[in-house]
Amino acid sequence: MPARLILNADDFGLTRGINRAIAELHSAGAISSATLMASGAAFDDAIAVARAHPSLDVGCHIVLTDGAPVSPPSSIRSLIGADGKNFRPSLVDFVQALLFGRINEEEVAREVLAQIEKLQRAGIRPTHIDTHKHTHLFPSIARPLLQVAERCGIRAIRNPFEPGWSLALNHGGRARRFAVRLIGCLRPRFEAHAQLRDGRVLTTDGTVAISATGELNATTLGEILRVLPPTGTYEICCHPGYNDGELDCVITRLRAQRDIEREALLSEIPRVLAGPNAPSLLLYGSLAE
């Protein structure tokens, strides 16, 4: 049985250019799913795209840093930054607050539920969840996230850890590779959560291209696909889009790279899927099959 591959685009709903890229890639067979940001500036446009492409697997891209909350800020004070309105703008600030015990898990659960329910009210039944900047690799974020997912009937979550075979390709900068390897020590604690251990919420064998984020071009993607193991279930995390004026108005470190990723997916994925011993393209919604 060949490897099973989920091709998930993050940041659905951030801009209309990102939404357009996701629609085009899905129509071309180059992605299978996308995770939608409940507070994204182009949320309504993303809902229209999702309705126009019913075969697109849509999950919820939970944002707890570097963005705006769905809940009233006064109800989730431990998650809010210095401006009193938005999340902490820096992942470093978020992690420091987390490590010093300043983030309340009940407030995390409240905001996660608010984001999922916003998608549900718009007619989306999320098939999976992941988090902006992979914050659920930390146990105190994964715990409330999994509790809410189970409560909402969401059966799948991203495995936020990159497998060793992918890390061995040495993609991305040295500092990023070191950080990704370092946080791998948290993987046993992630897998020990009751929902995952008992199969009530499902996940993959790992997420590929986390270390390559910001450098995922056609060459890098081609190398990943060439060494994909013959068995197992993996997700390739990507951030395609259009580097347009609308993207200039939002906070993101990925700008020109979104065009590069879009073009890489369009050139490499259909070619590999049409070749011999191709991986099986999978939806998060059918992960249990």
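If I ask for residues that are under 20 Å from L287 (Cβ atoms), touching a residue at least 60 places away in the same chain (Cβ under 8 Å) and not hydroxyl-bearing (S, T, Y), which ones from the stretch 31-57 would you list?
I31, L36, A50, D57
Could you check R200 against (1) surrounded by 14 or more Cβ atoms within 10 Å (Cβ to Cβ); (2) closer than 30 Å to E107 by Cβ; (3) not aromatic (F, W, Y) and say which number it fails?
Against the list (1) surrounded by 14 or more Cβ atoms within 10 Å (Cβ to Cβ); (2) closer than 30 Å to E107 by Cβ; (3) not aromatic (F, W, Y), R200 comes up short only on (1).
Of the conditions (1) surrounded by fewer than 22 Cβ atoms within 10 Å (Cβ to Cβ); (2) in contact (Cβ under 8 Å) with a residue 24 or more places away in the chain; (3) closer than 19 Å to D10 by Cβ, E111 satisfies every one except a single condition; which number is it?
(1)
State all residues of the stretch 48-71 that are outside any loop (DSSP other than H, G, I, E, B) and over 24 Å from K85 (Cβ atoms); if no residue qualifies, say none.
Here is the first cut: in the stretch 48-71, the residues outside any loop (DSSP other than H, G, I, E, B) are 48-52, 57-62.
Within the stretch 48-71, A48, V49, A50, R51, A52, D57, V58, G59 qualify.
Considering only residues that are surrounded by fewer than 17 Cβ atoms within 10 Å (Cβ to Cβ) and either small (G, A, S) or under 25 Å from R253 (Cβ atoms) (or both), which ones fall in the stretch 74-90?
S74, S75, S78, A82, D83, G84, K85, P89, S90 - these are the residues of the stretch 74-90 that are surrounded by fewer than 17 Cβ atoms within 10 Å (Cβ to Cβ) and either small (G, A, S) or under 25 Å from R253 (Cβ atoms) (or both).
Quickly run through the stretch 182-197 and pick out the residues that are within 12 Å of F161 (Cα to Cα) and either surrounded by 14 or more Cβ atoms within 10 Å (Cβ to Cβ) or of a type in the set (S, T, N, Q) (or both).
I183, G184, L186, R187, F190
Confirm whether N170 is among the polar types (S, T, N, Q), in contact with a Lys or Arg (Cβ under 7 Å, 6 or more places away or on another chain) and assigned to a loop (DSSP other than H, G, I, E, B).
yes
Between a residue in the stretch 171-187 that is touching a residue at least 40 places away in the same chain (Cβ under 8 Å) and any residue that is basic (K, R) and part of a helix (DSSP H, G or I), which pairs come within a Cβ distance under 8 Å, given they are 6 or more apart or on different chains?
Filtered contacts from the stretch 171-187: H171/R177.
If I ask for residues that are closer than 21 Å to E162 by Cα and of a type in the set (A, V, I, L, M), which ones from the stretch 119-134 would you list?
Within the stretch 119-134, I129 is the sole residue that qualifies.
Since every read-out is calculated from the coordinates, none of them should be taken as a lab result. Source: prediction; values computed, not measured. Because the Cβ atoms are built from the backbone with ideal geometry, glycine has one as well, and the counts that use them run over all protein chains shown.
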